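Where a number appears in this text, it was derived from the coordinates with a stated rule and is not lab data. Just so it is clear, the structure is predicted and the values come from calculations on it, not from any experiment. All Cβ positions, even for glycine, are placed from backbone atoms using ideal geometry, and neighbour counts span all protein chains on display.
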Amino acid sequence: MRAADLGAEGWHKPWSGGNGGSCVEVMKLSDGRFALRQSADPDGPALIYTAVEIEAFVRGAKSGQADFLLG
């Protein structure tokens, strides 16, 4: 889905890390799913995830399962 089709309002940057504006933005959709987009490309694609998928990712990241992404 194109992120632009979701509108400009309601996007948040919960994972901003001072990396020159290249951040992940997230929006909670009216049906309970979540859209993620790259802030530097707001008209590009949005990935859509269910609440269960987001919860699994966040819990996994908190428990260290995503540490391999850091280097």
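Observations, loosely collected:
- Along the stretch 23-31 the Karplus relation, 6.51 cos²θ - 1.76 cosθ + 1.60 evaluated at θ = phi - 60°, assigns HN-Hα couplings of 10, 8, 10, 10, 9, 7, 8, 4, 8 Hz to successive residues, with x for each Gly and Pro.
- Once C-alpha pairs closer than 8 Å and six or more residues apart are averaged by separation and normalised to the residue number of the chain, the relative contact order reads 25 percent.
- Environment charge of residue 14, counting only residues whose C-beta is closer than 12 Å and scoring Lys/Arg +1, Asp/Glu -1: +1
- Here, the stretch 3-65 has an Rg and a Dmax of 12.1, 34 Å when only alpha carbons are counted.
- Computed E for residue 31/residue 5 - FRET, C-beta separation, R0 22 angstrom, nearest 0.05: 0.90
- When only the Cβ of Lys, Arg, Asp and Glu is charged (+1, +1, -1, -1), the dipole of the chain relative to its Cα centre reaches about 160 debye.
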